[in-house]
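Below is one structure, written out as structure tokens, with a few remarks after it.
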Amino acid sequence: MSVRILSAILLLCSLGLVACGGSGSDRTITVLGSWTGEEGDAFREMLSGFEKDSGIDVEYTGTRDARAVLASELHDGHPPDAAVLATPGDLRAYAAAGELRPLPGGSQGIGGDLTSATGPDGRRRSFGIVVKASVKSLIWYNPRSLPSGLRERLTAPDLTWDELSEIAGQAGPRPWCLGLADTSVSGWPGTDWIEDLLLHESGPEAYDAWVSGRLAWTSEPVRSAWRAFGSVVAASRGDARTALLTGYGQAGAPMFATPPGCRFDHAGSFITAFYRQAPGRPEAGRDYDHIPFPGASSVVIGGDVLGVFRDTPATRRLVAHLATAGAQRTWTGRPGGGAFSLNREVRPDDYPDPAARRIARTLADAGTVRFDGSDTMPTVMAAAFNHAVLEYVADPADGRLDDILGSLDQLRRTTRFPS
């Protein structure tokens, strides 16, 4: 074989355009993520399609300790080729530290500005794709337990937060379901409330400034969101102890009791998996339904973001594959999975049930889409935010709120916020 022919073959191998034998790193990609169980099976299904089409093997490691494992592997100098990051805040931090590789121009995949960050050279580029998303800006209710007049008002277009609060008050003395406990990190369901209130009432500019550390926690838009959340706490089922000790997945179960223990639940698209496990096996449409969070046409999402730590042609091909509509439908087509895609080619009609299709339309029609604020903040700020919610629910007095927001703002001024 001539040197010219051998060189051409090696070039094609390096570009991942032909299948070449051996176990070299260009023919094997390592991916780290937190998905196990059914989620791990779904991701491996996405990967198997890529392996079949490309001839490239993907070694996926799924562990609930993915964040710690990634930090350890980076410290040892042997990171995976790609990893599903715990939060968008991690994406920004790794990009700023020069650990992540920017995606090549023209192949940013899905996520747009949501996955852009500033690298160590000061340039802002895309550093990842949103492999799957959950929609958080949703209010759930049991249509069978509401008088028809309230149901009609609840589903009216252009519903405002004040109108929803009035409807909730007419539904019962303590209409809100609220559970802040989680086995990993408690408090985050309250941060979700504050994020939605801030985005929908004060707009994306205030939201972005707050998430990036430019807007003070003691500012009026942020304080107003906390006070509105305080009104929910005051009208929630039970007392402060109930909210603090109830798991987020069980908070909405009293909606299905006779008589209902609460009427409305603020939760993301993933909550339907918990509803279906409640006594009586509630059914979508009959026993539970949802409306978009009232106010501006904005949606807060949670998202699993894949970043690249070793830039090779094979890894680029994997990123491009995971961003395709066909690969995305592996997640979105699973009944009851609560997963949604930011790929515009995945249409609402591609989702498996009417409730999911309506949520998909809410996401597709949104004028503004933003990542969960606490997930985007630096880890130390997010942890303080979670803890502050628990403090506030335990004692929601205005004077106590001043102290809480003052402490959060002091931390903001001493924390570096990657952009």
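Side notes on the structure shown:
- Among residues of the range 2-26 being assigned to a helix (DSSP H, G or I) and in contact with a helix residue (DSSP H, G or I) (Cβ under 7 Å, 6 or more places away or on another chain), the one that is modelled with the highest pLDDT is Asp26.
- The single condition among (1) over 24 Å from the mean Cα position of the chain (by Cα); (2) in contact (Cβ under 8 Å) with a residue 12 or more places away in the chain that Glu166 does not meet is (2).
- Count of the range 203-226 residues which are outside any loop (DSSP other than H, G, I, E, B) and open to solvent by 50 Å² or more (accessible area, probe 1.4 Å): 4
- The residues of the range 385-415 that are over 21 Å from Val232 (Cβ atoms) and of a type in the set (A, V, I, L, M) amount to a single one, Leu411.
- Residue match in the range 143-157 (condition: under 21 Å from the mean Cα position of the chain (by Cα) and either surrounded by 15 or more Cβ atoms within 10 Å (Cβ to Cβ) or under 25 Å from Gly302 (Cβ atoms) (or both)): no
- Residue count for the range 42-82, restricted to those that are open to solvent by 90 Å² or more (accessible area, probe 1.4 Å) and part of a helix (DSSP H, G or I): 7
- Hits in the range 399-418 - residues which are in contact with a Gly (Cβ under 9 Å, 6 or more places away or on another chain), in a helix (DSSP H, G or I) and touching a residue at least 60 places away in the same chain (Cβ under 8 Å): Leu401, Arg412
- Single residue of Tyr275, Tyr248 found to be over 24 Å from Gly373 (Cα atoms), within 21 Å of the chain's Cα centre (by Cα) and among the aromatic types (Phe, Trp, Tyr): Tyr275
- If only residues of the range 276-295 that are among the hydrophobic types (A, V, I, L, M, F, W, C) and touching a Ser or Thr at 6+ places or on another chain (Cβ under 7 Å) are counted, the one that is farthest from Ser134 (Cα to Cα) is Ala284.
- Close pairs (8 angstrom Cβ cut-off, 6 or more residues apart or separate chains): over 18 Å from Ser341 (Cα atoms) and in the same structural domain as Gly326 (by the TED database) in the range 40-52, of a type in the set (Asp, Glu) and not in a helix (DSSP H, G or I) anywhere: Glu51/Asp57
- Scan of the range 361-374 for residues that are open to solvent by less than 50 Å² (accessible area, probe 1.4 Å) and touching a residue at least 40 places away in the same chain (Cβ under 8 Å), ordered by number: Thr362, Leu363, Ala366, Thr368, Val369, Phe371, Asp372, Gly373, Ser374
- Output for the range 163-191, where each listed residue is part of a helix (DSSP H, G or I) and crowded, with 24+ Cβ neighbours inside 10 Å: Pro189, Gly190
- Test: residue in the range 382-398 that is open to solvent by 60 Å² or more (accessible area, probe 1.4 Å) and touching a Leu at 6+ places or on another chain (Cβ under 7 Å): yes
The values are calculated or read from the model by the stated rules, or taken from the named source; none is laboratory data. These numbers were taken from a predicted model, which means no experiment stands behind them. Glycine gets a Cβ as well: all are built from the backbone with ideal geometry, and neighbour counts include every protein chain shown. Remember, those area values only see protein heavy atoms, side chains included, never the ligands or the DNA or RNA. Shrake-Rupley method; radii C 1.70, N 1.55, O 1.52, S 1.80 Å.
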